[in-house]
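Report on the following structure.
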Amino acid sequence: MAKIEPNRNSADAPLEDYNGVSPRVNGLLLHQYIGLFVILPCQVVQDLGDSLSVMAPDNILVTVSLQAIDRHSVTPFTPFLEVLGKVCKDKTTVQLLATRIHGIAASFDLSMVNRVIECIHGPFTLRDHGPTKDVIFNVNEQRYARDLKDCEEAALEDELV
């Protein structure tokens, strides 16, 4: 009988080595990162031994599996944590399979963190009239916009002369 391999995005799949750059996310964004590594700033709600129930910055409860880390290397937990992990989905449940956990502090303003996360992943708008995140985080696009503006101003000056 052939062995059935778990879906690579499930919490039962083997965890590959990871040393990349990971975005910080809130609970709502987890669905966009299934199978990828993210950092979730959060507050511990309940320690269940092999998993944690945490509150994401946007007040969404998230389950964090601790099966891939040495539990004793990260206890005692501070009330506020940053969890690096792989986003996994089993049927309808999305959870985070932790690979690293860092204590942040005993008190922390998660609502401010959520505003930063929304700006990063947004579209970033200033009351719905600002540039999108693609323009803000794309240095070449910013340079192009500046150069285009300089050319338009130079052309306008030439017309006036």
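List of remarks:
- Meets criteria (out of contact with any Asp or Glu (no Cβ under 7 Å at 6 or more places or on another chain), without any contact (Cβ under 8 Å) to a residue 24 or more places away in the chain and either closer than 30 Å to G122 by Cβ or surrounded by fewer than 18 Cβ atoms within 10 Å (Cβ to Cβ) (or both)) for G85: no
- Across region 48-59, the number of residues qualifying as farther than 19 Å from H31 by Cβ and loosely packed, with under 14 Cβ neighbours inside 10 Å comes to 3.
- Remark: pairs (first residue in region 101-113, crowded, with 16+ Cβ neighbours inside 10 Å; second residue part of a helix (DSSP H, G or I); Cβ separation under 9 Å; 6+ apart in sequence or on different chains) = I101/S73.
- Within region 25-43, the set of residues being touching a Ser or Thr at 6+ places or on another chain (Cβ under 8 Å) and crowded, with 21+ Cβ neighbours inside 10 Å comprises just one member, F37.
Here's the yes/no breakdown for (1) assigned to a strand (DSSP E or B); (2) outside the structural domain of A105 (by TED's automatic domain parsing); (3) in contact (Cβ under 8 Å) with a residue 60 or more places away in the chain:
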{"residue": "L30", "(1), (2), (3)": "no, no, yes"}
{"residue": "I39", "(1), (2), (3)": "yes, no, no"}
{"residue": "S53", "(1), (2), (3)": "yes, no, no"}
{"residue": "A68", "(1), (2), (3)": "no, no, no"}
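- Count - residues of region 70-87 that are closer than 13 Å to T99 by Cα and assigned to a helix (DSSP H, G or I): 2
- V62 vs. criteria assigned by TED's automatic domain parsing to the domain that holds S22, touching a Leu at 6+ places or on another chain (Cβ under 8 Å), surrounded by fewer than 16 Cβ atoms within 10 Å (Cβ to Cβ) and modelled with pLDDT of 95 or more: no
- Selection within region 88-100 - touching a residue at least 24 places away in the same chain (Cβ under 8 Å) and among the basic types (K, R): K89, R100
- Residues in region 41-50 that are touching a Leu at 6+ places or on another chain (Cβ under 6 Å) and within 15 Å of A68 (Cβ to Cβ): D50 only.
- Hits in region 26-35 (condition: under 21 Å from V113 (Cα atoms) and of a type outside the set (F, W, Y)): N26, G27, L28, L29, L30, H31, Q32
The values are calculated or read from the model by the stated rules, or taken from the named source; none is laboratory data. Keep in mind that this is a model prediction, so the values were computed, not measured. FYI the Cβ positions are ideal-geometry reconstructions off the backbone, even for glycines, and counts take in every protein chain you see.
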